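Colleague: First the structure, which I've put down as structure tokens, then a few questions once you've had a look.
Rule-based calculations on the coordinates, nothing more; no lab input. The shown structure was predicted, so the numbers you read here are calculated from the model rather than taken from an experiment. In this analysis, Cβ positions are derived from the backbone assuming ideal geometry, glycine residues included, and neighbour counts consider all displayed protein chains.
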Amino acid sequence: MAERRVFAGPAVRKVRREAGMTQAAMAEALDISPSYLNLIEHGQRPLSATVIVKLAERFGFDAAKLGAEDLPGGLAGLRRRLADPRFADLGIGTHEVEEWLQTAPATAAAFARLFDAAPEGRAEGEGDAPEVAAVRRAIEKWRNHFPDLDARAEELADELRLAGGDLYGTISERLRTRHQLGIRILPSDVMPDRLRWLDWHARQLMLNELLRPASRTFQAAATLAQIEAKAEIDALVAGAEFTESAAAKLFERHLIQYFAAALMMPYSRFLRACDATGYDLLLLQRRFGAGYEQVAHRLTTLQRVGSRGLPFFMLRIDRAGQGSKRYAGASQSPLVDGDAHCPLWGVHEAFARPGEVIADLVELEDGSRWFTQSRSVAAPGATGSGTPARFAVCVGVDAKVAAPLIAARGIDLMRERATPIGLGCRRCTRTGCVQRSMPPLGRPLRFREGERGVSAFDFAGD
């Protein structure tokens with residue numbers, strides 16, 4: 001809590017109203033003055049550590065969820081939405097946006113949902129399906145860090161480590177001895193459309209032979225998660241209160257995979273390795289016997305209180321630029337929002353340079369800089385026959401905190417020239433871009449007789 005000033009007026013007001021108390025009564029219970037409580041509720045005073053402890057003790061206040069508004073992208077995401085060209089004439093200032101989120105987070109979240117759902121509010125793609133959007137909100141509410149799952153996985157990883165050095169072997173043995181489940185590796189023609197199949201009747205976990213070693217370990221760990229972390233996973237799914245069963249199942253799958261990755265890359269050991277190697281993704285991949293994408297995702301989860309890693313985001317796109325995985329984590333980066341991504345960004349170059357990690361320093365229109373690393377990966381179980389399924393996986397962090405990265409060494413992150421990019425053509429108002437595919441929303445096209453600019457579309461600026 002000492003890292004930042006915590007304003008939580010709406011949350012405190014909600015607790016008081018649910019308790020059926022007046023401000024005077026609650027102030028007395030917290031041993032503070034009614035006027036001070038009034039200032040807290042109106043976002044004019046931050047919560048002190050003493051008040052947070054008393055709220056937790058007397059009202060069951062969950063301090064761990066402070067600031068975890070139900071808003072993908074958090075404050076940065078809200079700013080991005082309000083920076084839409086359609087609102088340009090309103091002159092909405094930064095402090096006004098911050099005040100809105102502090103004093104009325106529920107209405108800010110409602111605006112964000114409507115904005116994202118409206119056809120004009122989406123990027124070039126169609127946006128997330130409703131159940132996917134609901135799961136994204138649940139994940140971002142936790143900043144993609146689930147402390148109970150991480151603690152349980154770390155405890156189990158230490159126990160397995162004592163049993164032997166080969167994680168896949170120790171997981172297999174645990175499944176056999178504790179849960180009477182054997183593992184069989186089956187030919188791909190027997191399991192043409194499955195990577196993993198858990199047959200409880202036959203007491204067997206069947207894995208596709210095409211799985212690489214890291215993926216084989218991951219699938220075995222995921223099975224162990226279904227059994228031994230069931231209570232923690234069920235509690236998180238129930239707490240999300242989804243209205244659609246499909247969303248609950250998607251969230252459950254995410255949590256199972258989260259646990260599997262945490263078992264392969266236990267929190268404390270993995271964070272120490274990140275610090276020691278300068279977040280060298282390829283070295284981390286080899287050290288923990290994991291896949292590149294698994295390591296990239298794990299980087300977005302390192303937000304344990306008192307032991308935090310760098311605030312990474314992760315994005316996975318296909319050849320068409322469609323995002324199939326988007327985790328903002330604690331970064332609150334707008335680069336993960338929407339289906340459209342600037343073609344000038346190095347993440348697209350990864351498909352043309354397989355196996356190479358492409359580092360890129362980019363700058364958005366608001367002046368924020370991000371250091372990103374992208375690499376192409378094959379889908380689990382992919383073969384060389386036909387058109388191989390490939391994705392580009394990108395991880396990034398705010399350039400202000402990217403200095404510890406080995407990939408950023410020798411780069412003046414705040415002064416060196418960065419690639420100017422936008423958030424997709426429909427949201428980008430940069431003029432004179434030779435790569436522009438369509439005009440930005442809310443900007444009228446401009447035509448000049450006898451002229452042809454470098455961009456296919458000329459439009460009125462600010």
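Colleague: Going Cα to Cα from LYS141, which lysines come in below 17 Å? Please leave out same-chain ones fewer than 8 positions away.
Modeller: Result set, ordered by chain and number: LYS65, LYS325.
Colleague: Sticking with this structure for a sec: Using modelled backbone amide H atoms (1.01 Å from N, in-plane), which distant-in-sequence or interchain residues come within less than 5 Å of THR419's amide H?
Modeller: Here LEU361, VAL362, GLU363 satisfy the definition.
Colleague: Candidates (i) 21.5, 73; (ii) 24.1, 80; (iii) 23.5, 70; which is the computed Rg and Dmax of the Cα atoms in Å?
Modeller: Matching the structure shown: (ii).
Colleague: Something else now. Scanning the chain for helices, which whole DSSP H stretches are 27 Å or more long along the axis (Cα) and average 0.0 or more by Kyte-Doolittle? Don't jump to the answer; show the numbers that get you there.
Modeller: Details: long enough: 245-264 (29 Å, 0.67).
Membrane-span-like by this rule: 245-264.
Colleague: To the nearest 20 debye, what charge dipole does segment 295-420 have about its Cα centre, counting +1 at the Cβ of each Lys and Arg and -1 at the Cβ of each Asp and Glu?
Modeller: Details: 15 positive and 12 negative charges, 102 e Å.
It comes to approximately 480 debye.
Colleague: Treating cross-link reach as a plain straight distance, find the aspartates and glutamates whose alpha-carbon is under 19 Å from the alpha-carbon of LYS14, omitting any fewer than eight places away in the same chain.
Modeller: Cross-link targets: GLU28, ASP31, GLU41, GLU57, ASP62, GLU69, ASP70, GLU99, GLU241.
Colleague: Continuing with the same structure: Using the crude model of +1 on Lys and Arg Cβ and -1 on Asp and Glu Cβ, and no other charge, please compute the dipole size for the chain relative to its Cα centre, in debye to 20.
Modeller: On the way: 61 positive and 58 negative charges, 131 e Å.
It works out to roughly 620 debye.
Colleague: For a Förster distance of 41 Å, can you work out the FRET efficiency between the beta-carbons of VAL454 and ARG269, rounded to the nearest 0.05? Spell out each step's value before the answer.
Modeller: Working: r = 51 Å, r/R0 = 1.25.
With R0 = 41 Å, the Cβ-Cβ based efficiency is 0.20.
Colleague: For segment 343-357, in order, what is each residue's ³J(HN,Hα) by Karplus, 6.51 cos²θ - 1.76 cosθ + 1.60 with θ = phi - 60°, in whole Hz (x at glycine and Pro)?
Modeller: With the stated coefficients, segment 343-357 comes to x, 7, 6, x, 4, 6, 5, 4, 5, 7, 10, x, x, 9, 8 Hz.
Colleague: Sticking with this one: Given 4 °C and 1.567 mPa s, how large is the Stokes-Einstein diffusion coefficient of segment 9-65 in µm²/s, with Rh as the Kirkwood radius over Cα pairs? Don't jump to the answer; show the numbers that get you there.
Modeller: On the way: Rh = 11.0 Å.
Result for D is 117 µm²/s.
Colleague: Taking the Kirkwood radius as the inverse of the mean 1/r across Cα pairs, report the Rg/Rh of segment 295-420. If you can, show how the numbers build up before the last one.
Modeller: Values: Rg = 14.6 Å, Rh = 15.1 Å.
With Rh from the inverse mean 1/r over Cα pairs, Rg/Rh is 0.97.
Colleague: Here's a follow-up. Note down the magnitude of the dipole of segment 195-256 about its Cα centre, charges +1 on Lys and Arg C-beta and -1 on Asp and Glu C-beta and zero elsewhere, to the nearest 20 debye.
Modeller: Details: 7 positive and 8 negative charges, 66 e Å.
Once rounded to the nearest 20, the dipole reads 320 debye.
Colleague: Go through segment 315-320 residue by residue and turn each phi into a ³J(HN,Hα) via Karplus (6.51, -1.76, 1.60, θ = phi - 60°); whole Hz please, and just put x for glycine and proline.
Modeller: Coupling constants for segment 315-320: 9, 10, 10, 9, 4, 7 Hz.
Colleague: Rank GLY367, PRO105, LEU284 by how far each Cα sits towards the positive end of the charge dipole of the chain (+1 on Lys, Arg Cβ; -1 on Asp, Glu Cβ) and give me just the farthest.
Modeller: Farthest along the dipole direction, towards plus: LEU284.
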